[in-house]
Amino acid sequence: MEPTRQRPAAVALLGVLAYLTALVQLLSAVASTILLLRPGQVQVLFQREVSDWYWLITAALSAVLFFAYIWLGRGIFAGAPYAWPVVNLLAAINLTFGVLYLFQGTGWASVILSALVLVLNNLRGVRDWYAQP
């Protein structure tokens with residue numbers, strides 16, 4: 001029998017963050033579905049009525065992202081080789097959008113969390129975790 005590998009703390013944190021993101025996506029899908037089912041155009045977002053298509057697309061995308069983040073969290077905890085580039089790609093995309101949202105006065109949380117994820121995911125111990133069978 002092979003000895004079990006010791007999971008780095010940064011990997012555990014990344015996995016927990018992936019699962020928390022999945023939970024947020026699930027809540028977004030549920031909330032969007034509830035708003036979609038409300039009669040007429042009574043939903044108001046940013047002081048304007050919002051089309052039902054907005055809620056439909058948001059619910060569908062959030063549902064897909066929920067399953068994607070569950071898959072990613074499992075890959076992170078298992079040390080799957082695909083997890084390292086996927087985490088980096090998603091964090092870079094979130095960081096980019098967060099920077100764009102800074103011009104609107106929001107986005108700080110996204111920028112900080114995305115930068116943290118990029119730093120954690122590129123630590124030597126974390127990269128080694130993904131590289132070892």
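Length gained on full extension, residue 53 to residue 106, computed as 0.36 nm times the residue gap minus the Cα-Cα distance: 16.6 nm. Of all complete DSSP H helices in the chain, those with a Cα span along the helix axis of 18 Å or greater and a mean Kyte-Doolittle hydropathy of -1.0 or more are 9-36, 52-78, 83-102, 108-121.
Given R₀ = 22 Å, what would the calculated FRET efficiency be for residue 71 paired with residue 128, taking r from the Cβ atoms and rounding to 0.05?
Details: r = 22 Å, r/R0 = 1.00.
After rounding, the FRET efficiency stands at 0.50.
Placing unit charges on the Cβ atoms of the charged side chains and taking the dipole of the chain about its Cα centre, the candidate lying farthest along the positive direction among 65, 81, 105 is 81.
Counting chymotrypsin sites (Phe, Trp or Tyr not before Pro) as exposed when in a DSSP loop with at most 16 other beta carbons within 10 Å, what is the longest stretch of the chain free of them?
Working: sites that count: 46, 82, 103.
The longest such stretch corresponds to 1-45.
Full extension of the chain segment joining residue 89 with residue 38 gains 14.8 nm, where the gain is 0.36 nm per residue of separation less the Cα-Cα distance.
Here the label points at residue 30 and residue 80, each 7 Å from Cα along the C-beta direction, are separated by 2.5 nm in the simple model.
The numbers here are math on the coordinates, done by the rules we state, and not lab data. None of the values given here were measured: they were computed from a predicted structure. Glycine also receives a Cβ, built like all others from the backbone with ideal geometry; neighbour counts cover every protein chain displayed.
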